[in-house]
Amino acid sequence: MNSPGIKHLIECHCTLKIYEGSDNHLYHKFPVYSKFGKNGKIVEKLAQCNHCQTIHKVYDICKSDIIRSGKDDHRTSISKEDISYQLSDKINNILRRYDCDISTWEQVLDYCENEYWQQKIVLNREIVEGKYHVKVLTLISEDKVKIENKVIENDINI
């Protein structure tokens, strides 16, 4: 059996409005879900920035090359709608309710297809009083899930 993929961040060349004109120039990062190939390396894929729609070729964990800049209409990468046809209504409703990004949809699809049951998937996270509060989905089987709140006790310096 293969191992589950990994969710990681890709840095784009765009900047969120809140950082424009700032001395601390931070580029936008967006989440991507990547699968591992038989050689143990991630499978190369195209991913679209969720802010500026630039197309990135993701070739390693947290590494990409920009393929096309600007607002691209990229129809060859998988969409939430494509994935929704492959998942149960129950799981679709959960992912929609929590407004999950495409990387979470891809992660859930991979876990269902490969029967990675009992794995935890973060649906949502917030920092409250220096602690992460997360909503976690556990896929118990194709049609059985568990959703729970967790608090990560480590203090976060922001």
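The values are calculated or read from the model by the stated rules, or taken from the named source; none is laboratory data. Please read these numbers as outputs of a predicted model, since none were measured by experiment. Please note: Cβ atoms are built from the backbone with ideal geometry, for glycine as well, and neighbour counts cover all protein chains shown. To get the accessible areas, we keep the full protein, side chains included, count just its heavy atoms, and leave off ligands, DNA and RNA. Shrake-Rupley method; radii C 1.70, N 1.55, O 1.52, S 1.80 Å.
Can you pull out the residues in the stretch 105-132 that are open to solvent by 100 Å² or more (accessible area, probe 1.4 Å) and farther than 21 Å from HIS8 by Cβ?
Scanning the stretch 105-132 gives GLU115, GLN118, GLU129.
How many residues are more than 23 Å from ASP99 (Cβ to Cβ) and among the hydrophobic types (A, V, I, L, M, F, W, C) if we restrict to the stretch 1-25?
Total meeting the criteria: 1.
Considering the stretch 1-34 alone, what residues qualify as being of a type outside the set (Phe, Trp, Tyr) and touching a Lys or Arg at 6+ places or on another chain (Cβ under 8 Å)? Please lay out each step first, then the result.
The first filter runs over the stretch 1-34 and keeps only residues of a type outside the set (Phe, Trp, Tyr), leaving 1-18, 20-26, 28-29, 31-32, 34.
Correct list: ASN2, GLY5, LEU9, ILE10, GLU11, CYS12, PRO31, VAL32, SER34.
Considering only the stretch 133-148, state which residues are exposed (fewer than 11 other Cβ atoms within 10 Å of the Cβ), at pLDDT below 95 and out of contact with any Phe, Trp or Tyr (no Cβ under 7 Å at 6 or more places or on another chain).
ASP143, the sole residue that qualifies.
Of a type outside the set (A, V, I, L, M), in contact with a helix residue (DSSP H, G or I) (Cβ under 7 Å, 6 or more places away or on another chain), in contact (Cβ under 8 Å) with a residue 60 or more places away in the chain and open to solvent by 20 Å² or more (accessible area, probe 1.4 Å), is that true of GLN86?
Details: of a type outside the set (A, V, I, L, M): yes; in contact with a helix residue (DSSP H, G or I) (Cβ under 7 Å, 6 or more places away or on another chain): yes; in contact (Cβ under 8 Å) with a residue 60 or more places away in the chain: no; open to solvent by 20 Å² or more (accessible area, probe 1.4 Å): yes.
The answer is no for GLN86.
When residues of the stretch 36-79 are filtered for being touching a Leu at 6+ places or on another chain (Cβ under 8 Å), modelled with pLDDT under 95 and under 29 Å from GLU115 (Cβ atoms), how many remain?
2
Within the stretch 17-32, track down each residue that is of a type outside the set (A, V, I, L, M, F, W, C) and open to solvent by 90 Å² or more (accessible area, probe 1.4 Å).
LYS17, GLU20, ASP23, ASN24, HIS25, TYR27, LYS29
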